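What follows is a short report on a single structure.
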Amino acid sequence: MREQIAKTEQAAQTREKSRSPYLAVFVFLSVFTAIEVGVSYLPERVKIPLLVLLSFIKASLVILYFMHLRHDSRLYAMFFALGLVLIIPLLLIMTVVMPALISP
Amino acid sequence: MNEASTSQGVLPQHENNKLGMWIFLGGEVVFFATLILTFIFFRISMPDEYLRFRQDLSVPLIAVNTFILIASSFMVVRSLEAIQQGDRRGLRNNLLGVILLGATFLAGQAFEWTTLFQAGASLRDSFGTPFFAITGIHGTHVFVGLIWALIVLVSGLRGAYSAENHQGVELFGLYWHFVDVVWVVLFTVFYLI
């Protein structure tokens, strides 16, 4: 009986390991990094949106899977995202107010 | 903290620690986003000067460094996975890998800085100031992460962590992954765009 339980637990652990997304995420991140380097040689109007998109995907993969935000409490995500929300006023100052002050 | 207080909306102690870490990381988001936006503003204002500065940046070297940091993040998450299964040897081996990779990243950055200074870059340049300040602050975060990894490693060797108690590893992991996320953005903004 005890052996049976141990075998079942071992099988569950093996299944858990095989379901682990970490290796797949690591491979994606590495491949995307190589793609980014290739994309950086393209003309600016093509490369900028592509690089922003690839960078966003890479950062999201790390946050969602390595930092477990995909399965963790939404409270954590909320506090993390709050940082990004606080940046909006700064972004507005830099894109609207400062250019207006600098231009003659 | 008992179950009743949890059901009333009060988080248990270990969840409070994690929430505290996420609030800290939210503050770090504001800090790094401000620095990066400032750099982007300078870059848009002075495109020619930036192109001159960028000529000396080595994309292949930093691409390798980026890969090293991503690999270290993978090893951090593997170390957490190991201790969650009660595998202390796995925790130790992966943390040793993290320390080795983190130190290699810093060595790569030191090599890059030396090369840039030899090529004539200066802390007083229009782009030298934000470049060295931001990559330096990030490098300092990596250095702090290395010390933290060392502390987690020693605590692990002393048997502080187990399958049931591994939050110390998890909190360190959150910090290290965040430093990785920041580098993902810096790599794109400084070297590729």
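The values are calculated or read from the model by the stated rules, or taken from the named source; none is laboratory data. Quick caveat: nothing in here was measured; it's all calculated off a predicted structure. Cβ coordinates were reconstructed from backbone atoms using ideal geometry, including for glycine residues, and neighbour counts include every protein chain displayed.
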Looking across segment B:171-193 at residues that are part of a helix (DSSP H, G or I) and free of Cβ contacts under 8 Å to residues at least 24 places away in the same chain, the single one that is nearest to B:Thr38 (Cα to Cα) is B:Thr188
Checking A:Val62 against (1) out of contact with any His (no Cβ under 7 Å at 6 or more places or on another chain); (2) part of a helix (DSSP H, G or I); (3) closer than 25 Å to B:Ile40 by Cβ, the condition it does not meet
(1)
Enumeration of residues in segment B:148-163 that are among the polar types (S, T, N, Q) and in contact (Cβ under 8 Å) with a residue 40 or more places away in the chain
B:Ser162
Considering segment B:57-114 alone, what residues qualify as being part of a helix (DSSP H, G or I), of a type in the set (S, T, N, Q) and in contact (Cβ under 8 Å) with a residue 60 or more places away in the chain?
B:Thr66, B:Ser72, B:Ser73, B:Ser79, B:Gln84
Condition met for B:Val152 (aliphatic (A, V, I, L, M), within 15 Å of the chain's Cα centre (by Cα) and buried (at least 16 other Cβ atoms within 10 Å of the Cβ)):
no
Looking at segment A:39-48, which of the residues that are more than 10 Å from chain B (Cβ to nearest Cβ) and at pLDDT 90 or above is surrounded by the fewest Cβ atoms within 10 Å (Cβ to Cβ)?
A:Pro43
When you check B:His177 against the structure, is it at pLDDT 95 or above, crowded, with 16+ Cβ neighbours inside 10 Å, within 14 Å of chain A (Cβ to nearest Cβ) and farther than 21 Å from A:Val37 by Cα, yes or no?
yes
Could you list, in sequence order, all residues of segment B:121-147 that are in a loop (DSSP other than H, G, I, E, B) and free of Cβ contacts under 8 Å to residues at least 12 places away in the same chain?
B:Ser122, B:Leu123, B:Arg124
Complete set of residues in segment A:62-104 that are more than 7 Å from chain B (Cβ to nearest Cβ) and of a type outside the set (A, V, I, L, M, F, W, C)
A:Tyr65, A:His68, A:Arg70, A:His71, A:Asp72, A:Ser73, A:Arg74, A:Pro89, A:Thr95, A:Pro99, A:Ser103, A:Pro104
Check B:Phe39, B:Phe117, B:Phe53 and return the single one that is part of a helix (DSSP H, G or I) and within 14 Å of chain A (Cβ to nearest Cβ).
B:Phe39
